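Colleague: Handing you a structure now.
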Amino acid sequence: MAVRIQPLLLRNMSREEVVETVNGFLAEEFEVEVEALDPNGVLHETLDLDSLDYVDLVVVIESHFGFKVTGEDFKSISTLNDFYDFIVNKHEHA
């Protein structure tokens with residue numbers, strides 16, 4: 001039986017809590033140490049992402065936060081800080 005993750009409610013979370021939550025699932029999903037997640041680090045280099053990993057990343061975001069993500073959304077994301085900001089901003093405008 002598949003486990004369904006309930007989307008997180010970001011409205012009550014500070015940016016720091018969002019960063020901590022995101023780092024937790026990135027570390028688990030992409031098998032990196034949380035300490036290696038430098039906010040100024042380049043996202044695809046830090047997580048060693050290939051094109052299929054981006055698909056996994058989209059699925060993880062959608063399941064954790066409950067909003068849709070497109071490839072177009074990633075065009076403006078370079079660093080982990082950009083990624084955190086994207087999640088916070090996307091949820092604020094959802």
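Colleague: Please go through the stretch 37-64 and give me each residue that is of a type in the set (A, V, I, L, M, F, W, C) and in a loop (DSSP other than H, G, I, E, B), ordered by number.
Modeller: If the condition is that a residue be of a type in the set (A, V, I, L, M, F, W, C) and in a loop (DSSP other than H, G, I, E, B), then 37, 47, 49 are the ones that fit.
Colleague: Considering the stretch 21-42 alone, what residues qualify as being hydrophobic (A, V, I, L, M, F, W, C) and either over 14 Å from the mean Cα position of the chain (by Cα) or surrounded by 15 or more Cβ atoms within 10 Å (Cβ to Cβ) (or both)?
Modeller: 22, 25, 26, 27, 30, 32, 36, 37
Colleague: Right, here's the next one. Here are some conditions: (1) part of a helix (DSSP H, G or I); (2) at pLDDT below 95. Residue 82 meets all but one. Which one does it not meet?
Modeller: (2)
Colleague: What residue, of 67, 74, is within 12 Å of the chain's Cα centre (by Cα), over 19 Å from residue 27 (Cβ atoms), part of a loop (DSSP other than H, G, I, E, B) and not acidic (Asp, Glu)? Full working, then the answer.
Modeller: Working: 74 fails: part of a loop (DSSP other than H, G, I, E, B).
One residue alone meets the criteria, 67.
Colleague: Just give me the residues in the stretch 1-36 being part of a loop (DSSP other than H, G, I, E, B) and either of a type in the set (Asp, Glu) or modelled with pLDDT of 60 or more (or both), in sequence order.
Modeller: 13, 14, 31, 32, 33
The values are calculated or read from the model by the stated rules, or taken from the named source; none is laboratory data. What you see is a predicted model, and the numbers here were worked out from it, not measured in a lab. Ideal geometry is used to build each Cβ from the backbone, glycine not excepted, and the neighbour counts take in all protein chains shown.
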